[in-house]
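What follows is a single structure, and I will ask about it in a moment.
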Amino acid sequence: MESLASPRKRSGLRCSLDFARNDKELTMNLNKLMKQAQKMQEQMAKTQAELEEKTVEVSAGGGKVKVTANGTGDIIALKIDKEVVDPNDVEFLEEMVLNAVKQAIEQGKALAQSEMTKITGGLGIPGMQ
């Protein structure tokens, strides 16, 4: 009877050792993952601050209307050439300004997405797309 119980005990011990080894490896992998996530978070915060300083400029009406946006999609400047201001055709000016503003916001957001994708590696993290 002793000889039959002996392999079971060793098998149980081996199983416990394997579990302990796997548990230690899992803890090490989780620690590594947490460090990587923290580093990515720091890089994202730095990039977001840098995006506020980067700008895109969009022109409309042959350069008569210029809109500047930063990398977060905020409009930071608007220039309108005096030649394009016609009191009899305000709708044309409004259309040019609106078009340029929309394009500037889109380009600013595209710049932000491009920079964030470099950090996240295209992981599709919610709020960073």
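Here, each number is a calculation from the coordinates, and none is a lab measurement. Predicted model, so just to flag it, every value in this text is computed and none were measured. Every residue, glycine among them, receives a Cβ derived from its backbone with ideal geometry; neighbour counts consider all protein chains shown.
Applying 1/(1 + (r/R0)^6) with R0 = 35 Å to the Cβ-Cβ distance of Asp81 and Glu50, what FRET efficiency is obtained, to the nearest 0.05?
The computed FRET efficiency comes out at 0.65.
Grab the Cα-Cα distance for Lys32 and Lys109, subtract it from 0.36 nm times how many residues apart they are, and report the gain in nm with one decimal.
24.6 nm
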